[in-house]
Structures are given as structure tokens and as C-alpha cells.
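Report on the structure given below.
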Amino acid sequence: MNKGISVKLVVINAMIAGVYAVLTLAISPIAYSEIQFRLSEIIVFLAFYNRRYIPGLTIGCIIANLFSPMGMLDIVFGTLSTIIVCIAMYLIKNRYLAAGAGAIITGMIIGLNYGSFNIPYVINAIYVAVGELIVLIIGALVFKSLEKNDRLMNLLDLK
């Protein structure tokens, strides 16, 4: 393996991908509609702390979107959205601004996918962004609480 890529990192990314995909599939009725409430998006906050978890989040999104009723559109644009949101999460060091940016990015990109519902783009984008904002604010609060657990934060290299 390349220097800097440990077995631990690969395993953690695999676990992140699995958790993201399973959580999305478990709530699929509300994860794949024009008004999305994808609870799995809470864990994109891992990228806020450590950019090395972006591959796991991206792969999890790809796996989850293989089952999307939107098909290839969701695989391509959903994955693109996740990558951009994760990068934004990592770069923006205020958790609430990162959540807002993530919601806007997701709304703008995923809003394009749902044109097949015969709803104008702006409305689609707002629907998706609002659902994403709710989930990401929950994520910000969850991870703020998790910061108190030094053992977990150190185990996952989140400090």
C-alpha cells in the first residue's frame, strides 16, 4: 500500500461506506424522493473532521444510489454531490456554515435529478436542500456531542 494509507484507514472507509449504504437503503422511501430525508447524510460530517474519509462516504453513496429509482442519474449526480459536499465540509471549519453549504450544494445538484417529477428545478432544489439542511443540522449537533468522547474521536482520527 502507499505510504500514509493504512489497513485501519481502508477498514474504516469500508465501514463508513457500508453504514452509509445500509442507512440509506433502510429508509429508502424517504431517501429517494423529491423531498429527501437521507439520515445517512449525517455521517458526511466525518469529512468535516478528516478528509481521508471522503472515499468511504463516496463509495457508500455509489452503493446506495445503485438502488435509486432515478438510476444512473442518481449514481452520477448523487456521487458528484457527495464528493463536493464532503470537500466543502472539510474546507469550511464552522459546522453550521458547512451544513448550510452542504444543503445548498445538494439542492442545486440533486434538484436537477428530480425534473422527471414534473416539478420546476427551483422547487426541486429547495425541496432537496431543506431536507438536507435538516439532516445536516442534526449531524452537526450529533458530532458536536460526539466530540466529548475523546476515545471515539481518537479512534477515528477525528481530532
Given (1) 0.97; (2) 1.02; (3) 1.17, the label whose value is Rg/Rh (Cα atoms, Kirkwood Rh) derived from this model = (1)
key: Euclidean distance between Cα centres, the range 29-47 to the range 92-147, Å   = 9
note = Gyration tensor on Cα atoms of the range 57-132, a ≥ b ≥ c root eigenvalues, a/c under 1.5 rounded, else prolate if a/b beats b/c, else oblate, says oblate
request  = Roll a 1.4 Å probe over the protein chains and send me the accessible area per residue for the range 66-124 in Å².
outcome  = 51
request  = Would you please give the FRET efficiency between ILE137 and ILE104, computed as 1/(1 + (r/R0)^6) with r the Cβ-Cβ distance and R0 = 22 Å, to the nearest 0.05?
outcome  = 0.95
task = Report the extension gain between ILE30 and VAL10 in nm, rounded to one decimal, defined as 0.36 nm multiplied by the number of residues separating them, less their alpha carbon distance.
result = 4.2 nm
request  = Take each complete run of DSSP H in the chain, measure how far its Cα atoms stretch along the helix's own axis, and keep only those covering 30 Å or more with mean Kyte-Doolittle hydropathy at least -0.5; list them.
outcome  = 121-146
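What does the helix-only formula give at 222 nm for the chain: each DSSP H stretch with n ≥ 4 adding -39500 (n - 2.57), the total divided by the residues, and the result rounded to the nearest 500 deg cm²/dmol?
-21000 deg cm²/dmol
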task = Just add up the charged neighbours of GLU132: K/R +1, D/E -1, any other residue whose Cβ is under 12 Å from the Cβ of GLU132.
result = 0
inquiry  = Can you tell me, using C-alpha contacts under 8 Å and at least 6 residues apart, the relative contact order of the range 70-159 as a whole percent?
reply    = 24
query = Ignoring ligands and nucleic acids, what accessible area does LEU39 show with a 1.4 Å probe (Å², nearest 10)?
reply = 70
ask   = Excluding MET153 itself, what net charge comes from residues whose Cβ is under 11 Å from its Cβ, given Lys and Arg +1 and Asp and Glu -1?
value = 0
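Can you pull the percent of the chain's accessible area that's carbon plus sulfur, 1.4 Å probe, other chains left in place?
74
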message = Explain nothing, just the number: relative contact order of the chain, from Cα pairs under 8 Å at least 6 residues apart, as a whole percent.
response = 24
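The values are calculated or read from the model by the stated rules, or taken from the named source; none is laboratory data. These figures come from a predicted structure and were not determined experimentally. Backbone-built Cβ (ideal geometry, glycine too); neighbour counts: all protein chains shown. Please note that ligands, DNA and RNA were not included when accessible areas were found on the heavy atoms of the full protein model with its side chains. Shrake-Rupley method; radii C 1.70, N 1.55, O 1.52, S 1.80 Å.
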